[in-house]
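Below is one structure, written out as structure tokens, with a few remarks after it.
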Amino acid sequence: MKLKAIALGALSMVTVATASTGAVARDQIQIVGSSTVFPFATAVAEQFGKTTKFKTPVVESTGSGGGLKLFCAGVGTQHPDITNASRRIKKKEVALCAKNGVTDITEVLVGYDGIVMANAINGPVFNLTKKDIFLALAKEVPVGGGIALKENPYTMWNEINPDLPAVKIEVLGPPPTSGTRDAFSELALEGGAKKFPFLKALRKENKKKFKQIAHSVREDGVYEEAGENDNLIVKKLADRPTALGVFGFSFLDQNADAIKGATIGGVAPTFDNIAAGDYGVSRSLFFYVKKAHVNTVPGIKEYLAEFTSENAFGEDGYLSEKGLIPSPAEVREQVRSDANSLATFDAAVLN
Amino acid sequence: MTDLNTSPVPSSVTSVHATDAARQRLNKRKAANKRFRLYGMAGVVIAIAALVMLLSTLVVQGYSAFYTHTMELTITLEQDVLDRNNTQDPEILARANYRKLVKNEVYSLFDDVTSRRDKRAVSALISNGAIDALREAVLDDPTIIGSTITITAPVSDDIDMLLKGHIDRNVEEQLRRVSDRQIAWTDSLVERGIIKRAFNTYFFTQGDSREPELAGIWGAVKGSFYTMVVTLLISFPVAVGAAVYLEEFAAKNRFTALVEVNINNLAAVPSIVFGLLGLAIFLNFFEMSRSAPLVGGMVLALMTVPTIIIAARAALKAVPPSIREAALGVGASPMQAVFQHVLPLAMPGILTGTILGLAQALGETAPLLMIGMVAFIVDIPGGITDPASALPVQIYLWADSPERAFVEKTSGAIIVLLVFLITMNAAATILRKRLERRW
């Protein structure tokens, strides 16, 4: 009967464990979402855990889309309380949330992040425009002033623009699943595509087709997919001085002795330029809070207060040390008061 | 046939082997033999070279994670700053302004620090760990407020990197994360013996942190431990039970053949699939909590069960039938024969398989991703239902962090994981060598 006893024991252990975890209320905030916001959310979580009586929140890096999917799955302690996003929530995500009973959410603007293109410090200087980036990286581009799209023929930067260095086009960047890539496609590649009048016209009549053209990156080895927030990219760039890498500003900030940022449209990717909104490839970072959980999971209000304190997301706060670009003072004021009063997000502002 | 043995070798035979063509053929075969040996040796050499390269890069990059630089600070815990009204309320004490005390002490170490900019630059030398150490001391015993205590705290990650030589002092100042003045201050503190090199206790006793100098692997080690305990408790009995039944009791028919094929297939299923299964069943259906080692252990157990079943069946098969027959012959029931004679003799093989299965599970991240164990978790887990990460997860998260100091931490954590894996595999080998019986 030993076998039976062992099997029964294992089974009962599993069921007991199931019952016990399923029933117990959670006393720890759970946060999911964007890998770009992850370094900032974790810094706040750690500070929050140390200075309050609450447990340190658990922060997962699931990507913006994955985070919102988990967040919108329903109300109840098995679902996360907060999701980070490196873009604004989409209309269809609001609808998904509403379908699952997550109706009241609060939006918090964390700050800004710049996406930079950088190469080794001893490599050539790149002064790019969005048009150059589009021509270098899109799968199909207009060639020689025509309006027909052809397979991208360019192999050297100076073929695209005589002012650029005469080196091979090599770009290491994030894979399509990442939010950084989404933003890069949207801001840099689409921005470049719009410089062509016929593509701009196409955007008006057939947005889907336009996006498909602008977002399709060439697959002939010129664009190399690498992790998005990866110290390996920095190392690879040091070995290949003419190759450019695409990543978030915080990596450039941390490695300014090894890599240098390319200017885009004449603006260098610096803290001040991104904060002022001059740098063209930057985006807003957000997080969303499930209001229904505020009274069931302890500490959510206090976490919001910590995140929106000047000490954290302010001008000289500890998040700016981690590479966050703070929003202007009056915006921060508004965000803080909205966060503290848990203002409900109005989906009507989404276009 | 006998005359063939006794008759002398005909001369024609010798001449057949003595022709030039025959010699050439022989040489060719010998050369082929030699070449094959060389290929084999080349294969081994390449494998060893790859291993040496991997280990040496890890050690070169990672050994510096095991020591750190600390600063000794003598701080007066001023009542006015910390708890003006002497409330001794832990909530007020937790949020008190320890930063100010630490900063003032660091300013006072230098004569030339007066401007606001200098003050900011000089306070960047010390880690926030100093503030935590003060807070901890005060919360432990609020009566020490008013007295003067000495704390030891790590220097900030940038200064640690500078002292370890990972920041080049010769590059232009604005391209470094450490300014010329900060370098001068640091060097003076080292000279005065205030900054010392020390064993990195944080690395081995703390949970994860966003400050590289405060980040440790203890949380991940404990998380891995709890996960493995759950995996072992579930997979071992289930797998051994299944193996014993299939090998010793089940009738050999189509159905058991099908089961066997499925078990072998299951052992080859990519681990992420088990993660998805865990997400669907344990999290969504049973509504268990995310990030818990309990769920992680259950998912990894699913993955480990087929491995153990296969190893256990092989071990059971290797026990000679005479043992069973002898037991049955003296009147033991089939169950007694199996549990009192066959299973104990098969145990070393089963344990080896179990250890190897667990070692494989210890190195997994993919299934844990789906159930939320790939997460930033500071608090050190105290049980199987507390949120926890695991060693490989910690490596993955650190490899992804922008701060340069995490590079050495990543390699350091890999070294620790490898030590665990090598220990487990060595245990499996020793167990096999010592307990295995040959019939």
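The values are calculated or read from the model by the stated rules, or taken from the named source; none is laboratory data. None of the values given here were measured: they were computed from a predicted structure. Note that we place each Cβ from the backbone using ideal geometry, even for glycine, and neighbour counts take in every protein chain shown.
Within the bounds of the range A:64-74, is there any residue that is under 16 Å from A:Lys291 (Cβ atoms) and among the hydroxyl-bearing types (Ser, Thr, Tyr)? No, there is no match, as no residue in the range A:64-74 is under 16 Å from A:Lys291 (Cβ atoms) and among the hydroxyl-bearing types (Ser, Thr, Tyr).
Could you list, in sequence order, all residues of the range B:341-384 that are more than 23 Å from B:Gly216 (Cα to Cα) and within 11 Å of another protein chain (Cβ to nearest Cβ)? Within the range B:341-384, B:Leu343, B:Met370 meet the criteria. Restricting A:Gly114, A:Gly76 to residues that are part of a loop (DSSP other than H, G, I, E, B) and either within 14 Å of chain B (Cβ to nearest Cβ) or crowded, with 24+ Cβ neighbours inside 10 Å (or both) narrows the list to A:Gly76.
Looking at B:Val106, B:Val59, which one is within 25 Å of B:Ala413 (Cβ to Cβ), under 39 Å from the mean Cα position of the chain (by Cα) and more than 14 Å from chain A (Cβ to nearest Cβ)?
Residue meeting the stated conditions: B:Val59.
Whether any residue in the range A:197-216 is out of contact with any Phe, Trp or Tyr (no Cβ under 6 Å at 6 or more places or on another chain), buried (at least 18 other Cβ atoms within 10 Å of the Cβ), in contact (Cβ under 8 Å) with a residue 60 or more places away in the chain and outside any helix (DSSP H, G or I) is what I want to check. No - not one qualifying residue is present in the range A:197-216. Residues in the range B:385-402 that are at the interface with chain A (Cβ under 10 Å from one of its Cβ atoms) and either assigned to a loop (DSSP other than H, G, I, E, B) or closer than 15 Å to B:Val229 by Cα (or both): B:Thr385, B:Asp386, B:Pro387, B:Ala388, B:Ser389, B:Asp400, B:Ser401, B:Pro402. Somewhere in the range B:58-79, is a residue exposed (fewer than 10 other Cβ atoms within 10 Å of the Cβ), in the same structural domain as B:Leu162 (by TED's automatic domain parsing) and in a helix (DSSP H, G or I)? No - not one qualifying residue is present in the range B:58-79.
Scanning the range B:359-379 for residues that are part of a loop (DSSP other than H, G, I, E, B) and within 26 Å of A:Phe48 (Cβ to Cβ) yields B:Ile371, B:Gly372, B:Met373, B:Val374, B:Ile377, B:Val378, B:Asp379. Under the condition of being closer than 23 Å to B:Ser64 by Cβ, among the charged types (D, E, K, R) and in a helix (DSSP H, G or I), the residues counted in the range B:177-198 number 2. What are the pairs, 6+ residues apart or on separate chains, where a residue within the range B:131-152 that is at negative phi and loosely packed, with under 14 Cβ neighbours inside 10 Å has its Cβ under 6 Å from a residue that is of a type in the set (Ser, Thr, Tyr) and not in a helix (DSSP H, G or I)? The qualifying pairs are B:Thr148/B:Thr76; B:Thr150/B:Thr74. Does the range A:244-258 contain at least one residue that is away from chain B (no Cβ under 14 Å) and outside any loop (DSSP other than H, G, I, E, B)? Yes; the residues of the range A:244-258 include at least one that is away from chain B (no Cβ under 14 Å) and outside any loop (DSSP other than H, G, I, E, B). When A:Ile233 is tested against (1) farther than 15 Å from B:Pro402 by Cα; (2) modelled with pLDDT under 85, just one condition goes unmet, and that condition is (1). Residues of the range B:160-196 that are under 23 Å from B:Leu109 (Cα atoms), among the acidic types (Asp, Glu) and more than 35 Å from the chain's Cα centre (by Cα): B:Asp180, B:Asp187, B:Glu191. Take the conditions touching an Asp or Glu at 6+ places or on another chain (Cβ under 9 Å) and either part of a loop (DSSP other than H, G, I, E, B) or among the polar types (S, T, N, Q) (or both) and apply them to A:Pro124. Does it pass? No. Does B:Thr76 satisfy being of a type in the set (S, T, N, Q) and over 21 Å from the mean Cα position of the chain (by Cα)? Yes.
The sole residue among B:Leu258, B:Leu316 that is in a helix (DSSP H, G or I), over 26 Å from B:Ser224 (Cα atoms) and without any contact (Cβ under 8 Å) to a residue 40 or more places away in the chain is B:Leu258. Restricting attention to the range B:131-159 and to residues that are at the interface with another protein chain (Cβ under 10 Å from one of its Cβ atoms) and more than 28 Å from the chain's Cα centre (by Cα), the residue that is nearest to A:Gln254 (Cα to Cα) turns out to be B:Ile131.
Per-residue answers, yes or no, for (1) modelled with pLDDT under 90; (2) part of a helix (DSSP H, G or I); (3) away from chain A (no Cβ under 14 Å); (4) in contact with a Lys or Arg (Cβ under 8 Å, 6 or more places away or on another chain):
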residue	(1), (2), (3), (4)
B:Thr227	no, yes, no, no
B:Phe236	no, yes, no, no
B:Val240	no, yes, no, no
B:Leu246	no, yes, no, yes
B:Ser291	yes, no, no, no
B:Val305	no, yes, no, no
B:Ile310	no, yes, yes, no
B:Met335	no, yes, no, no
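If you scan the range A:237-254, which residues turn out to be of a type outside the set (A, V, I, L, M, F, W, C) and within 21 Å of A:Arg283 (Cα to Cα)? Scanning the range A:237-254 gives A:Gly245, A:Gly248, A:Ser250, A:Asp253, A:Gln254.
Here the range B:266-289 is the region considered, the condition is being of a type outside the set (A, V, I, L, M), within 13 Å of chain A (Cβ to nearest Cβ) and not in a helix (DSSP H, G or I), and the residue that is nearest to A:Gly74 (Cα to Cα) is B:Glu287. Of all residue pairs spaced 6 or more apart or on separate chains, those with beta-carbon atoms under 8 Å, a first member in the range A:53-70 that is facing chain B (nearest Cβ under 10 Å) and a second member that is surrounded by fewer than 19 Cβ atoms within 10 Å (Cβ to Cβ) and not hydrophobic (A, V, I, L, M, F, W, C) are A:Lys53/B:Pro90; A:Lys53/B:Glu91; A:Lys55/A:Asp27; A:Lys55/B:Asp379; A:Thr56/A:Lys50; A:Thr56/B:Asp379. Take A:Gly266 and tell me if it is within 14 Å of chain B (Cβ to nearest Cβ) and closer than 24 Å to A:Gly123 by Cα. It is false that A:Gly266 is within 14 Å of chain B (Cβ to nearest Cβ) and closer than 24 Å to A:Gly123 by Cα. So, in the range A:267-309, how many residues would count as being at pLDDT 90 or above, in contact with a strand residue (DSSP E or B) (Cβ under 8 Å, 6 or more places away or on another chain) and in a helix (DSSP H, G or I)? Within the range A:267-309, residues that are at pLDDT 90 or above, in contact with a strand residue (DSSP E or B) (Cβ under 8 Å, 6 or more places away or on another chain) and in a helix (DSSP H, G or I) number 5. Do we find a residue being within 28 Å of A:Ile147 (Cβ to Cβ), buried (at least 17 other Cβ atoms within 10 Å of the Cβ) and more than 14 Å from chain B (Cβ to nearest Cβ) anywhere in the range A:228-243? There is no residue in the range A:228-243 that is within 28 Å of A:Ile147 (Cβ to Cβ), buried (at least 17 other Cβ atoms within 10 Å of the Cβ) and more than 14 Å from chain B (Cβ to nearest Cβ). If you check A:Ala95, A:Ala43 for being assigned by TED's automatic domain parsing to the domain that holds A:Asn340, modelled with pLDDT of 85 or more, in contact with a helix residue (DSSP H, G or I) (Cβ under 9 Å, 6 or more places away or on another chain) and loosely packed, with under 15 Cβ neighbours inside 10 Å, only one passes: A:Ala95. Scanning the range B:80-103 for residues that are part of a helix (DSSP H, G or I) and either away from chain A (no Cβ under 13 Å) or touching a helix residue (DSSP H, G or I) at 6+ places or on another chain (Cβ under 8 Å) (or both) returns B:Asp80, B:Val81, B:Leu82, B:Pro90, B:Leu93, B:Ala94, B:Tyr98, B:Arg99, B:Lys100, B:Leu101, B:Val102, B:Lys103.
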